[in-house]
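Structure record follows, encoded as structure tokens.
The values are calculated or read from the model by the stated rules, or taken from the named source; none is laboratory data. This is a predicted model, so every value here is computed, not measured. Note that each Cβ is placed from the backbone with ideal geometry, even for glycine, and that neighbours are counted across all protein chains shown. Protein only, heavy atoms only, side chains kept; ligands, DNA and RNA dropped before computing areas. Shrake-Rupley method; radii C 1.70, N 1.55, O 1.52, S 1.80 Å.
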Amino acid sequence: MRIGELAAQAGTTARALRYYETRGLLPARRDAKGHRWYDERDLTLLRQIRTLRDFGFELEETRPFVECLRAGHPEGDACPASQAVYRRKLDELDGLIGELMAVRATVAGQLRRAEEARAGLATEALVPGGPEPVCELGGKQT
């Protein structure tokens with residue numbers, strides 16, 4: 001198949017395919033007229049790349065999966081190098097999840113503090129001569 005047909009079947013662009021070719025991820029086979037041509041194995045490679053990219057893998061992280069497929073394995077993640085990338089990605093994701101949980105805990109603590117402060121102001125406002133609650137946007141609360 002030609003580059004446009006492969007791009008359409010893979011859900012990408014011819015430009016992306018040419019880029020993958022320059023990166024050594026997609027073979028550069030040409031016919032007698034110099035036109036690129038591809039087969040079903042190339043479509044499998046592209047689907048593997050696209051799936052991994054959709055999951056947040058960097059383009060270079062897809063290389064072991066592509067090489068595994070090229071080596072004749074029916075799945076790109078059957079090789080030790082691919083599994084090592086999975087492990088690194090899981091470690092990276094675990095770190096990000098930890099960071100997000102810490103940020104969430106900080107924001108939740110700030111919200112609790114703000115709610116308690118507001119409740120305290122509302123209570124003081126009920127005391128004769130106490131402060132009048134003021135909206136953060138600059139107006140008085142009604």
Per the filter on segment 38-73, residues over 17 Å from Thr13 (Cβ atoms) and aliphatic (A, V, I, L, M) are Leu52, Val66, Leu69, Ala71
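If I filter segment 7-24 for residues that are more than 15 Å from Glu60 (Cα to Cα) and over 26 Å from the mean Cα position of the chain (by Cα), do I get at least one hit?
no
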Residues that are under 18 Å from Asp77 (Cα atoms) and surrounded by 18 or more Cβ atoms within 10 Å (Cβ to Cβ), drawn from segment 1-52:
Leu25, Leu26, Asp42, Leu45, Leu46, Gln48, Ile49, Leu52
Take Ala8 and tell me if it is small (Gly, Ala, Ser) and assigned to a helix (DSSP H, G or I).
yes
For segment 65-75, does any single residue satisfy the condition of being at pLDDT 95 or above and over 24 Å from Met1 (Cα atoms)?
no
Gln83 - would you say it is touching a Phe, Trp or Tyr at 6+ places or on another chain (Cβ under 6 Å) and either under 21 Å from Leu93 (Cα atoms) or basic (Lys, Arg) (or both)?
no
Just checking, does segment 60-81 include any residue being assigned to a helix (DSSP H, G or I), open to solvent by 30 Å² or more (accessible area, probe 1.4 Å), touching a Pro at 6+ places or on another chain (Cβ under 6 Å) and not acidic (Asp, Glu)?
yes
